[in-house]
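A quick write-up on the structure given underneath.
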Amino acid sequence: THPALHAFSPLKPEHLENVDLMIVRELTGGSYFGKKWRDDEQAEDVCRYTREEVLRVTRAAAGIARQRDGRIALVDKANVLETSRLWRAVVTEVIRDEFPDVELEYLYVDAAAMHLLTRPADFDVMLTENLFGDILSDEASMLCGSLGLLPSASLNADRFGLYEPVHGSAPDIAGKGIANPYAMLLSLAMLLRHSLGREAEADDLERAVHACWSDGVLTRDLRPDGAGTAGIAEAVCARLAGPAAQLADRRASSDAA
């Protein structure tokens, strides 16, 4: 979270200090892709995971954790679900044998959902299965106040990825020039960092976005009189270009006023 956005979160500002977390969610298994069946009286969604699926996402999460604060919270329901028990066994083995420098803790999903609101700053990387991750990532969006601010990446084992905002396509505002582009810009920063290895460029883009937030350059989902899509893009480009361009940007804003 960014201090300039704390006022837009439903949480108190003191709960948002130093929050910097990433949710790593498995995307190809679980109940979303298991066998499905229904008649008029009952229904069934099979939650199935293989060892290889858990290995793949665990190694990705551990690699990301090494680039951050080196901590993973595995979110499961191992007190009830056999799939969660498989997850816990495989993740424990991988971290112990391949990533001994990464700290691992275990949380049941109900406790994780609570702690995400009561102590979000304690998390670094949250690792979880498909369904749990889908729910927790939307919950986490409220830490910063808007779904329009959150980037995401769908990565394979080789770090080839699809990068996109967490939110949907918002067809109800298509063509109106008011969509929040910050999530897409931050998704681009993730692409630079995780698929292209361009850490410096990713940092530059993130700093430009954060500078816009600090300067109050916000979109209409956060403030009724906020800037449109093109205005946000121009403001970010100006801050990427350097102080001279930022001065010109401020003069243009002053002239328009």
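The values are calculated or read from the model by the stated rules, or taken from the named source; none is laboratory data. Just so we're clear, the structure is a prediction, and the values are computed from it rather than from any experiment. All Cβ positions, glycine included, derive from the backbone under ideal geometry; neighbour counts span all protein chains shown.
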query: Which of the residues that make up the stretch 15-29 are of a type in the set (D, E, K, R), buried (at least 16 other Cβ atoms within 10 Å of the Cβ) and in a loop (DSSP other than H, G, I, E, B)?
result: E26
- prompt: From the list D221, D225, D172, which residue is in a helix (DSSP H, G or I), modelled with pLDDT under 90 and farther than 18 Å from D20 by Cα?
  reply: D172
task: Evaluate the stretch 163-171: report whether one residue or more is within 16 Å of the chain's Cα centre (by Cα) and among the aliphatic types (A, V, I, L, M).
output: yes
message: On the basis of being hydroxyl-bearing (S, T, Y), at pLDDT below 95, within 21 Å of the chain's Cα centre (by Cα) and not assigned by TED's automatic domain parsing to the domain that holds W213, does T58 make the cut?
response: no
query: Which of the residues that make up the stretch 70-123 are surrounded by fewer than 14 Cβ atoms within 10 Å (Cβ to Cβ), modelled with pLDDT of 95 or more and in a loop (DSSP other than H, G, I, E, B)?
result: N79, V80, P100, D101
statement: A careful count of residues in the stretch 99-148 that are β-branched (V, I, T) and closer than 14 Å to T1 by Cβ gives 0
Any chance R25 is modelled with pLDDT of 95 or more and over 25 Å from L150 (Cβ atoms): no
query: Quick one: is Q67 out of contact with any strand residue (DSSP E or B) (no Cβ under 7 Å at 6 or more places or on another chain) and modelled with pLDDT under 95?
result: yes
Where R193 falls short, out of the listed (1) part of a helix (DSSP H, G or I); (2) surrounded by fewer than 21 Cβ atoms within 10 Å (Cβ to Cβ); (3) not assigned by TED's automatic domain parsing to the domain that holds V46: (2)
query: Residues in the stretch 161-183 that are surrounded by fewer than 15 Cβ atoms within 10 Å (Cβ to Cβ), of a type in the set (G, A, S) and free of Cβ contacts under 8 Å to residues at least 40 places away in the same chain: how many?
result: 4
message: So for the stretch 130-150 (the condition being in a loop (DSSP other than H, G, I, E, B), at pLDDT 95 or above and surrounded by fewer than 20 Cβ atoms within 10 Å (Cβ to Cβ)), does at least one residue qualify?
response: no
- prompt: Just to be sure, is A211 assigned to a strand (DSSP E or B), surrounded by 15 or more Cβ atoms within 10 Å (Cβ to Cβ), of a type in the set (A, V, I, L, M, F, W, C) and not assigned by TED's automatic domain parsing to the domain that holds H2?
  reply: no
- prompt: For the subset of the stretch 34-54 comprising residues that are surrounded by fewer than 16 Cβ atoms within 10 Å (Cβ to Cβ) and in contact (Cβ under 8 Å) with a residue 24 or more places away in the chain, which member is farthest from R88 (Cα to Cα)?
  reply: R48
